[in-house]
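**Student:** Pasting in a structure now, in structure tokens, and then I'll have a few things to ask.
The values are calculated or read from the model by the stated rules, or taken from the named source; none is laboratory data. Quick caveat: nothing in here was measured; it's all calculated off a predicted structure. Counting neighbours? That spans all protein chains shown, and the Cβs are built from the backbone with ideal geometry, glycine included. Note: accessible area is taken over every heavy atom of the protein model, side chains too, but ligands, DNA and RNA are not part of it. Shrake-Rupley method; radii C 1.70, N 1.55, O 1.52, S 1.80 Å.
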Amino acid sequence: MADKMLNDDNPDWSEFTPAPLDHAAKLKATRARLSMSQAAFAALLHIPRSTLQNWEQRRTEPDAFTLTIIDLIYDDPEGMAERLKRKLVA
């Protein structure tokens, strides 16, 4: 029985709980979903590219308010990008 479970090509993942994504993973995933470069995404967020790069590489961590904003953007990347783009034009 144990050998069958070790060699199972289709394990039961229904009980698996993945670890939550941190800010770096959320930023990278959001940027990838929006097909944006670091420079373009940083401009959209009104932050220096180097700041975004440091966050994505986990060299520095955003403050609590910015972590909340990252969560909001991650939850609705396209909608938030549209809102932020409108602010850039105004």
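**Student:** Please give the charge dipole size of the range 48-90, origin at the Cα centre, charges +1 on K and R Cβ atoms and -1 on D and E Cβ atoms. Round to the nearest 20 debye. Before the final figure, lay out each step's value.
**Tutor:** Values: 7 positive and 8 negative charges, 62 e Å.
Around 300 debye, computed over the range 48-90.
**Student:** Please give the charge dipole size of the chain, origin at the Cα centre, charges +1 on K and R Cβ atoms and -1 on D and E Cβ atoms. Round to the nearest 20 debye.
**Tutor:** On the way: 12 positive and 14 negative charges, 169 e Å.
The dipole of the chain has a size of about 820 debye.
**Student:** A further question on this structure: Give, in nm to one decimal, the length gained when the segment between Arg33 and Asp12 is fully stretched (0.36 nm per residue of separation minus the Cα-Cα distance).
**Tutor:** Once the chain is fully extended between Arg33 and Asp12, it gains 4.8 nm.
**Student:** At a 1.4 Å probe radius, carbon and sulfur cover how many percent of the accessible area of the chain?
**Tutor:** Here it works out to 56 percent.
**Student:** Percent of Cα-Cα pairs more than 15 Å apart in the chain, please.
**Tutor:** Summing the P(r) of the chain above 15 Å gives 65 percent of all pairs.
**Student:** Something else now. Report, to one decimal in Å, the Kirkwood hydrodynamic radius for the range 25-77 based on all distinct Cα pairs.
**Tutor:** On the way: mean 1/r = 0.0913 Å⁻¹.
So the Kirkwood estimate lands at 11.0 Å.
**Student:** Once the dipole of the chain is set up with Lys and Arg at +1 and Asp and Glu at -1 on Cβ about the Cα centre, which of Met36, Ala64, Phe16 lies farthest towards its positive end?
**Tutor:** Most positive-ward Cα: Met36.
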